[in-house]
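The values are calculated or read from the model by the stated rules, or taken from the named source; none is laboratory data. Bear in mind that the values here come from a model prediction, so they are computed numbers and not experimental data. Cβ: placed from backbone, ideal geometry, glycine included. Neighbour counts: every protein chain shown. Surface areas here come from the heavy atoms of the whole protein model, side chains and all, with no ligands, DNA or RNA. Shrake-Rupley method; radii C 1.70, N 1.55, O 1.52, S 1.80 Å.
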Amino acid sequence: MGKCLAVITARGGSKRIPNKNIKEFCGKPIIQYSIEAALNCKIFDEIMVSTDSIQIKKIAEQCGAKVPFMRSVRTASDTATTADVVLEVLEEYKKRGIDFEITSCIYPTAPFITVEKLKRALELLDKKDVDSVMPVVAYSFPPKRGMYIREGCLVYCYPEYIDKRSQDIEVMYHDCGQFYFIKTEAFLNEKKLVTQRTEPLILSELEVQDIDTLEDWMLAEIKYKMYSLKEEGLV
């Protein structure tokens, strides 16, 4: 396995949760969990934070990550995708004569990331005939039994599943929003983090929480404490 880069994407200016990427989560800045997991797993040749914020840069460097260059105005915009950010990072390193065979994109608000998960993902990427690996979790309720509201009334999205038992409907999964591992060449060719050949790393609901609102944040702290107790064998 060649050189491996960890890109932690931490834009400033969060609107729904002010200073979201460095807000204290269970006692320390939430970005610190991502940085520490990346540092402690000992699989990365470079761990960098892509940010447009001097404040985030300072905290990231205090936690042990590098910020060799600041994110551009273009990739710090509301319309820029995560793939845009990673592409810019790879291009900036290439200008410096540095290439990476493997790139991992890690989100800064993902306290459930662990050393073990990062290592497992890299092993899957190395051993399987795939170009990327992504943690996923099963939907807690079958989306095919979901409903829309039309003119004030409920309407099934997929009427053909009305009479099907939940356990008889094929399980669907969604992105955990934690990290991705990808072969750099495949990413540069497809410009996508989820390539045509992506291996799933299946996680449980206890170790996954999307954080978009303050309510999500509080729920994530509760789940994190429960998950920590479970990992320590106390529950």
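Things to note:
- Test: residue in region 46-56 that is open to solvent by less than 70 Å² (accessible area, probe 1.4 Å), over 16 Å from the mean Cα position of the chain (by Cα) and small (Gly, Ala, Ser): yes
- Filter result for residue 112 (closer than 19 Å to residue 177 by Cβ and either of a type in the set (Phe, Trp, Tyr) or assigned to a helix (DSSP H, G or I) (or both)): yes
Yes or no, residue by residue, for (1) in a loop (DSSP other than H, G, I, E, B); (2) under 14 Å from residue 134 (Cα atoms); (3) touching a Lys or Arg at 6+ places or on another chain (Cβ under 9 Å):
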{"site": "174", "(1), (2), (3)": "no, yes, no"}
{"site": "181", "(1), (2), (3)": "no, yes, no"}
{"site": "187", "(1), (2), (3)": "no, yes, no"}
{"site": "193", "(1), (2), (3)": "yes, yes, no"}
{"site": "202", "(1), (2), (3)": "no, yes, no"}
{"site": "209", "(1), (2), (3)": "yes, no, yes"}
{"site": "220", "(1), (2), (3)": "no, no, no"}
{"site": "226", "(1), (2), (3)": "no, no, no"}
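- Odd one out for residue 147 among (1) closer than 30 Å to residue 35 by Cβ; (2) modelled with pLDDT of 95 or more: (1)
- Residue check, residue 145 farther than 30 Å from residue 69 by Cα and touching a Lys or Arg at 6+ places or on another chain (Cβ under 9 Å): yes
- Here the condition is being among the basic types (Lys, Arg), under 16 Å from the mean Cα position of the chain (by Cα) and open to solvent by 60 Å² or more (accessible area, probe 1.4 Å); of 16, 120, 74, it holds for 120 alone.
- Of residues in region 123-142 being assigned to a helix (DSSP H, G or I), farther than 11 Å from residue 180 by Cα and at pLDDT 95 or above, the one most open to solvent (accessible area, probe 1.4 Å): 123
- Pick from region 1-57, criterion assigned to a strand (DSSP E or B) and polar (S, T, N, Q), ranking: farthest from residue 131 (Cα to Cα): 50
- Here the condition is being in contact with a Gly (Cβ under 9 Å, 6 or more places away or on another chain) and without any contact (Cβ under 8 Å) to a residue 40 or more places away in the chain; of 102, 54, 47, it holds for 54 alone.
- Filtered by the rule that a residue be open to solvent by less than 70 Å² (accessible area, probe 1.4 Å), within 20 Å of residue 34 (Cβ to Cβ) and of a type outside the set (S, T, N, Q), region 221-235 gives 221, 223, 224, 227.
- Selection status of residue 85, closer than 19 Å to residue 211 by Cβ and not polar (S, T, N, Q): yes
- Unique residue being in contact with a strand residue (DSSP E or B) (Cβ under 8 Å, 6 or more places away or on another chain), of a type in the set (Gly, Ala, Ser) and open to solvent by 30 Å² or more (accessible area, probe 1.4 Å) when the list is 146, 97, 64: 64
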